[in-house]
Structure formats: structure tokens, C-alpha cells
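Here is the structure we will look at.
The values are calculated or read from the model by the stated rules, or taken from the named source; none is laboratory data. Since this is a predicted model, take the numbers as computed values, not measurements. Heads up, the Cβs are rebuilt from the backbone with ideal geometry, glycines too, and the neighbour counts pull from every protein chain shown.
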């Protein structure tokens, strides 16, 4: 039975890895993605060309997401004038009101998209939330993390500072 489960898991993982979308890779163009915002507009990574973009995928029920959101907001406020755009995308499948309440509670001022179909999970082959992608001014992925970003994440801060110069 255990061998069968391991075999099934291996087949599943191989199918995911060889899916329609290649896994994002640092140094390569960020796969195109467009999402509806809470304001009802649509925004894409391509529309932010010329800016450094931090794409953060999260959900209101995700505890690590809740913990990192205030930090990401502080990073955005401190560096927006240098050309940083943060696009936080909620993957909640419930009502947008839950997302609006979360945004208000956390004091988020950066752009928030809603992806209830979780297209970004498939497109970027995200194994869990949160997930963050740092894209340079030309649309090239320069840093990524599956998991939370914290104030002590020197790798993130170094990558961000390098891109904002």
C-alpha cells in the first residue's frame, strides 16, 4: 500500500511539473498574469513594466499571510517613491467582502487583486501560501519565495534594494 501511495504521489508530482505552465525561474521573464482588482479594474504584471513589482499571493485564512502583510505594507510605503509596486492577490474563494475586511483591518494601501479561481496557483505552480515574486523593471523574475517574507529576510531586502537602484 505504501509503495502504491509513493508511486501515485510521484506520478502526480511529475504531472504537475510537466504541466501546461513551466515553473517560474529566476532570470527568465515572469509569466503573464492579469487579475481583477477589488476596485473592479484589471491589472497585469505587463502593465507595471518600468516598475519593480512584488507579486504576493495570499488568502485571508492563511496565518503566515496575515503575519507578513503588515511588513509588506511597510516595505511598499517606504519604497513606492523609488518605483516599487506591490500587487497582493487574494486567492480566497469566498466573498470579496472578506477580502475587503482583511485589507481594511491590515491597512493595506497597495493594489489588491482577487483570483477566486486560483489561476495564479496553477500558473506559478505554487505549492502553498503565501508566495512572493520580485520582478524587475523589464519583467524578469529576479527573486521568489514559496513561504512568508519577514523583516529579517536579508535575501529579499538585498534583491529589492538592488532592483530599486
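Could you grab me the full set of residues in the range 55-71 that are touching a strand residue (DSSP E or B) at 6+ places or on another chain (Cβ under 9 Å), under 22 Å from residue 161 (Cα atoms) and part of a helix (DSSP H, G or I)?
Residues satisfying the conditions are 68, 69.
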Review point. Taking the stated definitions as given, is residue 126 within 11 Å of the chain's Cα centre (by Cα) and not in a strand (DSSP E or B)?
Key: yes
Practice item. Please identify the pairs in which a residue from the range 135-147 that is at positive phi and free of Cβ contacts under 8 Å to residues at least 60 places away in the same chain has its Cβ atom under 7 Å from the Cβ atom of a residue that is in a strand (DSSP E or B) and surrounded by fewer than 17 Cβ atoms within 10 Å (Cβ to Cβ), counting only partners at least 6 apart or on another chain. Key: none
Check your understanding: Quick one: which of 66, 145 is surrounded by 16 or more Cβ atoms within 10 Å (Cβ to Cβ), within 15 Å of the chain's Cα centre (by Cα) and more than 24 Å from residue 31 (Cβ to Cβ)?
Key -> 66
Exercise for review: Filter the range 84-107 for residues that are within 15 Å of the chain's Cα centre (by Cα) and in a loop (DSSP other than H, G, I, E, B) and give the result.
Suggested key: 91, 92
Point to revise | Filter result for the condition that a residue is under 18 Å from residue 136 (Cα atoms) and either free of Cβ contacts under 8 Å to residues at least 12 places away in the same chain or part of a strand (DSSP E or B) (or both), over 81, 74 | key: 81
Exercise for review: Answer with yes or no whether residue 145 is assigned to a strand (DSSP E or B), farther than 19 Å from residue 46 by Cβ and modelled with pLDDT of 95 or more.
Suggested key: yes
